[in-house]
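Q: Sharing a structure below in structure tokens format, with a few things to ask.
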Amino acid sequence: MEQLTELEIVVFQLRMGLDQADRCVDWAVERLRLDQEGDDLEVVLLASARDRDEVLALADVIIERYRGAQRLDEQFMAGKYIVELRAAYLAGRESASSLDAIFTRLYPVLAYPDWLVMLSRNCEYAINVPDFEQPFEDEFHYIASLWAQAESLAAFEREYRRQISNGHDIR
């Protein structure tokens with residue numbers, strides 16, 4: 001089954017309260033179009049699912065069947081999502097305010113990872129304090145760049161430097 005990582009990341013986003021059900025359905029439709037479903041009934045059913053709960057249930061069955069205990073780490077999925085958010089922010093589809101709401105949801109779900117501290121803080125402060133806009137931009141670029149290159153949480157952690165994040169502060 002190809003492209004399972006994409007489905008797993010979108011399901012994570014859906015669980016975070018983001019409306020990604022259509023992307024899960026699109027994933028299944030594409031598998032059918034490319035004849036990659038391997039006669040997997042859940043993929044066929046996911047392609048026609050419309051309800052969020054139905055989408056989650058079917059996607060979970062698919063992910064469990066093919067990944068089992070090898071499911072992706074939530075921090076890794078969040079990191080890949082941050083890469084998407086950075087692109088949306090640069091394109092004007094996201095703002096500091098909308099990102100703050102997302103980071104506020106992510107932070108506790110991920111058990112307050114060290115790499116999200118400064119990004120979340122700077123985003124929150126940038127909403128009301130203009131001096132924090134550049135530190136937020138710098139940290140967002142840094143974190144998204146690392147996640148864009150990372151193939152795993154361990155790979156990200158090898159490259160991440162807290163002292164660089166700490167430098168993204170007002171001077």
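Q: Out of 41, 46, 34, report the one residue that is farther than 23 Å from residue 124 by Cα, among the aliphatic types (A, V, I, L, M) and in contact with a Phe, Trp or Tyr (Cβ under 8 Å, 6 or more places away or on another chain).
A: Just one listed residue meets the conditions, 46.
Q: Looking at the range 104-116, which of its residues are of a type outside the set (Lys, Arg) and either open to solvent by 60 Å² or more (accessible area, probe 1.4 Å) or modelled with pLDDT under 95 (or both)?
A: So the first thing to find is which residues in the range 104-116 are of a type outside the set (Lys, Arg), and the list is 104, 106-116.
Across the range 104-116, the qualifying residues are 104, 106, 107, 108, 109, 110, 111, 112, 114.
Q: Tally the residues that are surrounded by fewer than 16 Cβ atoms within 10 Å (Cβ to Cβ) and either of a type in the set (Ser, Thr, Tyr) or part of a helix (DSSP H, G or I) (or both), restricting the search to the range 134-171.
A: 15
Q: Every residue in the range 80-100 that is open to solvent by less than 50 Å² (accessible area, probe 1.4 Å) and in a helix (DSSP H, G or I), please.
A: Result: 80, 81, 82, 83, 85, 86, 88, 89, 96, 98, 99, 100.
The values are calculated or read from the model by the stated rules, or taken from the named source; none is laboratory data. For clarity, every value in this text was computed on a predicted model and none was experimentally measured. For neighbour counting, all protein chains shown are included, and Cβ atoms are generated from backbone atoms with ideal geometry for every residue, glycine included. Heavy atoms of the whole protein, side chains included, go into the accessibility calculation; ligands, DNA and RNA do not. Shrake-Rupley method; radii C 1.70, N 1.55, O 1.52, S 1.80 Å.
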